[in-house]
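Engineer: Got a structure for you, written out below as structure tokens; questions coming shortly.
The values are calculated or read from the model by the stated rules, or taken from the named source; none is laboratory data. Small disclaimer: the values here were computed from a predicted structure and weren't measured. As a convention, Cβ positions derive from the backbone with ideal geometry for all residues, glycine included, and neighbour counts pool all protein chains shown. Note: accessible area is taken over every heavy atom of the protein model, side chains too, but ligands, DNA and RNA are not part of it. Shrake-Rupley method; radii C 1.70, N 1.55, O 1.52, S 1.80 Å.
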Amino acid sequence: MPRKQLLLLEDDPAMAQLLRWHFEREEFDVTQTPSGEEGLMLAAEDNPDIVLLDWMLEELSGIEVCRRLRRNAETANLPIIMLTARGEEADRVRGLETGADDYVTKPFSPLELIARVNAVLRRVRPALAGATLRYADLELDTANHKVRRAGGSIVMGPTEFKILRHFLEHPGRVFSRERLLDAVWGSDAEIEIRTVDVHIRRLRQALNSRGGKELIRTVRAAGYALDAED
């Protein structure tokens, strides 16, 4: 199972060090910054699985960072847990209404926070909970490299399999062609950007071979997402 990628936006060095230690012990890869502006950049560039977001940050507040993440197509579905000493009901409501998936007040137990992070990930990224990834009527068996839709087997090439797995690990997230190149072929690969379109077309043909709704959505000027259209 892949290591989970956590982006930690925390301006207290002692708290950041404590959380990094606990999460790395639980096999998370942790990237940390005290800066709201840098956090926005890292969220867009590094494609983390989840963000831990302190309310009080350098340059931008956590609330504003959360708001901007939700407005950006590439990070709109990124799981966010807010961390704050502000425990009033109005503050919790404001954090959740801004787009946070959960809200944890300080002081808190690191073990409870880890449990909350895993609970959010199980809900929004079920791919991290087991070897079989599912979305709508689609199933991908990571161990045996098999794909099924509506109970029937689907044949596809290894590159299409990798793209589909990446989509299933991030359902609903929009990925640019450049981001897909990095994720599937690697950042050092010398491949034309339009190659992504070719493989997306092949993936669609494979997925649609048994009928059903279109599962790969094209987002104009942004990229592609695994997101069943109505």
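Engineer: Quick check on region 173-195. Is at least one of its residues open to solvent by less than 40 Å² (accessible area, probe 1.4 Å) and assigned to a strand (DSSP E or B)?
Structural biologist: There is at least one residue in region 173-195 that is open to solvent by less than 40 Å² (accessible area, probe 1.4 Å) and assigned to a strand (DSSP E or B).
Engineer: Moving on to the next point. Checking the conditions here, which among Glu178, Glu214, Glu160, Glu192 is modelled with pLDDT under 85 and of a type outside the set (A, V, I, L, M)?
Structural biologist: On the way: Glu178 fails: modelled with pLDDT under 85; Glu214 fails: modelled with pLDDT under 85; Glu160 fails: modelled with pLDDT under 85.
Residue meeting the stated conditions: Glu192.
Engineer: Does region 34-59 hold any residues that are of a type in the set (A, V, I, L, M, F, W, C) and touching a residue at least 60 places away in the same chain (Cβ under 8 Å), and which are they?
Structural biologist: Of the residues in region 34-59, the ones of a type in the set (A, V, I, L, M, F, W, C) are 40-44, 50-53, 55-57.
Ile50, Leu52 - these are the residues of region 34-59 that are of a type in the set (A, V, I, L, M, F, W, C) and touching a residue at least 60 places away in the same chain (Cβ under 8 Å).
Engineer: Within region 19-33, can one find any residue that is touching a residue at least 60 places away in the same chain (Cβ under 8 Å) and in a loop (DSSP other than H, G, I, E, B)?
Structural biologist: Checking region 19-33: at least one residue is touching a residue at least 60 places away in the same chain (Cβ under 8 Å) and in a loop (DSSP other than H, G, I, E, B).
Engineer: Separate question: Right, Arg149: within 17 Å of the chain's Cα centre (by Cα), modelled with pLDDT of 80 or more, open to solvent by less than 50 Å² (accessible area, probe 1.4 Å) and not hydrophobic (A, V, I, L, M, F, W, C) or not? Reasoning before the result, please.
Structural biologist: Working: within 17 Å of the chain's Cα centre (by Cα): no; modelled with pLDDT of 80 or more: yes; open to solvent by less than 50 Å² (accessible area, probe 1.4 Å): yes; not hydrophobic (A, V, I, L, M, F, W, C): yes.
It is false that Arg149 is within 17 Å of the chain's Cα centre (by Cα), modelled with pLDDT of 80 or more, open to solvent by less than 50 Å² (accessible area, probe 1.4 Å) and not hydrophobic (A, V, I, L, M, F, W, C).
This table checks each residue for (1) in contact with a Pro (Cβ under 8 Å, 6 or more places away or on another chain); (2) modelled with pLDDT of 90 or more; (3) open to solvent by 60 Å² or more (accessible area, probe 1.4 Å).
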| position | (1), (2), (3) |
| --- | --- |
| Met1 | no, no, yes |
| His22 | yes, yes, no |
| Glu45 | no, no, yes |
| Leu52 | no, yes, no |
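Engineer: Does region 52-61 contain any residue that is under 23 Å from Arg123 (Cβ atoms), in contact with a Gly (Cβ under 9 Å, 6 or more places away or on another chain) and among the aromatic types (Phe, Trp, Tyr)?
Structural biologist: Taking every residue of region 52-61 in turn, at least one turns out to be under 23 Å from Arg123 (Cβ atoms), in contact with a Gly (Cβ under 9 Å, 6 or more places away or on another chain) and among the aromatic types (Phe, Trp, Tyr).
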